[in-house]
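Presented below is the structure to which this report refers.
Just so you know, all these numbers are worked out from the coordinates, no wet-lab data involved. Here the structure is a predicted model, which means the values were calculated and not measured. Counting neighbours? That spans all protein chains shown, and the Cβs are built from the backbone with ideal geometry, glycine included.
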Amino acid sequence: MKHLVRIVTTALLLVTGNAFAGDTERLIQRANRYFSPLPPTMPGSGNDTPERIALGKKLYFEKRLSINDTQSCASCHRLESGSAGVDNLPTSPGAKGKPGTRNSPTVLNAGWQDSQFWDGRADDLVEQAKGPILNPVEMGMPDAEAVEKKIRDIAEYREAFAVAFPADRPAVTYQNIAEAIAAFERTLITPGRFDDFLNGDASALNEAEQRGLKTFIKLDCRSCHDGKLLGGETYERLGKENPYENQADPGIYALTKDEDDRMVFKVAQLRNVALTAPYFHDGKISSLEEAVRKMGKLQLDKDLTDQQVSDITGFLATLTDKNRE
């Protein structure tokens with residue numbers, strides 16, 4: 001891939017012969033040190049048959065997985081009408097109307113994260129899919145057996161599970177429900193213009209967006225937001241340099257009771273971040289500009305200029321799915 005990047009960008013330089021093209025070539029090479037394009041498939045997709053994916057998609061939108069038939073995965077992680085796998089609310093209401101305690105993160109590209117949820121308590125998409133269905137504030141089902149019985153009593157699901165999991169008896173199990181949902185979620189791959197840029201297309205980012213990328217790297221935002229997702233793989237204290245105003249949610253500390261984990265959260269991925277407001281674990285930051293400015297102060301102890309904020313947010317928009325721009 002790096003060889004291809006060199007060929008494409010060198011060809012551009014030969015054709016244009018201008019200084020901007022040379023700067024762009026160097027920027028593409030530098031960006032490839034810290035970031036990488038989205039691969040064509042997610043981890044764990046080896047057994048994702050068309051039948052299993054189709055079943056998972058149906059279950060993803062299935063409100064009968066909730067205690068009162070009002071809530072589905074898609075209620076908090078919307079995909080229709082250009083939505084980016086979130087509901088754009090600070091925190092999401094559950095089946096009984098009570099709001100959750102943390103902002104719903106995007107499901108797009110989520111399978112490449114090192115773990116799931118803000119505190120990383122689920123190892124992968126399968127384990128994540130099991131959580132909300134039984135969470136009393138979210139979908140509210142009492143236990144896995146009740147979920148299995150409810151789905152098994154629906155004829156179309158009995159047939160679909162038998163096809164999707166032909167070797168399993170019974171086919172309708174809580175594990176297989178989660179496996180199917182995860183199979184569908186592993187198809188939610190959304191490359192943006194930044195992927196084209198990393199692959200050598202110098203025209204994918206305009207001059208202002210390239211300036212934002214340079215600023216993002218220079219300020220060392222990439223030390224936490226790197227890799228395929230520009231985040232989603234490490235854990236950091238929110239308020240590393242200056243404390244975050246809302247200390248009500250202690251982060252991973254709630255699980256570990258280790259003082260070193262207080263206010264530590266999984267680093268959010270930045271794919272499609274321009275579409276996923278509001279921001280942070282508590283959903284209290286309403287705009288991307290505000291989030292960028294606040295992160296500069298909280299994590300870097302820097303008062304970012306208006307130009308820096310504008311440049312970075314412009315670059316971040318290039319991480320938006322090309323079908324959702």
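Mean residue ellipticity at 222 nm, helices only, the chain: -12000 deg cm²/dmol; runs of at least 4 DSSP H residues each add -39,500 (n - 2.57), and the sum is divided by the number of residues. Computed on the Cα atoms alone, the convex hull of segment 210-303 gives a volume of 104 cubic angstrom per residue. Anisotropy class assigned to segment 113-192 is oblate, per the alpha carbon gyration tensor with a/c at or over the 1.5 cut-off and a/b no larger than b/c.
Decide, for segment 82-146, between rounded, prolate and oblate: order the square roots of the alpha carbon gyration tensor eigenvalues as a ≥ b ≥ c, take rounded if a/c falls under 1.5, and otherwise choose prolate if a/b is larger than b/c, else oblate. Note, shape of segment 82-146 comes out oblate.
For segment 197-272, the set of chymotrypsin sites (Phe, Trp or Tyr not before Pro) satisfying both a DSSP loop assignment and a count of at most 15 other C-beta atoms within 10 Å is empty.
Take each of the peptides 41-53, 270-282, 311-323, average the number of other beta-carbon atoms within 10 Å over its residues, and list them starting from the highest.
Peptide ranking by packing, descending: 270-282, 311-323, 41-53.
Centroid-to-centroid, using Cα positions, segment 246-282 and segment 196-233 are 23 Å apart.
Would you mind working out the magnitude of the charge dipole of the chain relative to its Cα centre, with +1 at each Lys and Arg C-beta and -1 at each Asp and Glu C-beta, to the nearest 20 Debye? Before the final figure, lay out the partial values.
Details: 41 positive and 48 negative charges, 55 e Å.
Computed charge dipole of the chain: roughly 260 debye.
Quick one: work out Rg over Rh on the C-alpha atoms of the chain, Rh as Kirkwood radius. Looking at the chain, the ratio lands at 1.01. Quick one: Debye curve from the alpha-carbon atoms of segment 45-185 only, equal weights, vacuum; give me log10 I(q)/I(0) at q = 0.12, 0.13 Å⁻¹ to two decimals. Relative scattering, expressed as log10 I(q)/I(0), comes to -0.44, -0.52.
Taking the Cα centre as origin and putting +1 on Lys and Arg beta-carbons and -1 on Asp and Glu beta-carbons, what dipole magnitude results for segment 176-225, to the nearest 20 debye? Working shown, then result.
Details: 6 positive and 8 negative charges, 48 e Å.
Value, rounded to 20: 240 debye.
Taking every full run of DSSP H in the chain, the ones that stretch at least 20 Å from end to end by Cα along their long axis and average 0.5 or higher on the Kyte-Doolittle scale are 2-16.
Sparsely packed loop sites in segment 225-268 (the GluC sites (Glu not before Pro) outside DSSP H, G, I, E and B with at most 11 other Cβ atoms within 10 Å) comprise E245. For the chain, the residue among N103, Q71, G85 whose Cα projects farthest onto the positive side of the dipole built from Cβ charges is G85.
Neighbours of T256 by Cβ distance under 10 Å: Lys/Arg scored +1, Asp/Glu scored -1, total -3.
Within the chain, DSSP assigns beta bridges of which about 80% are antiparallel (rounded to the nearest 5).
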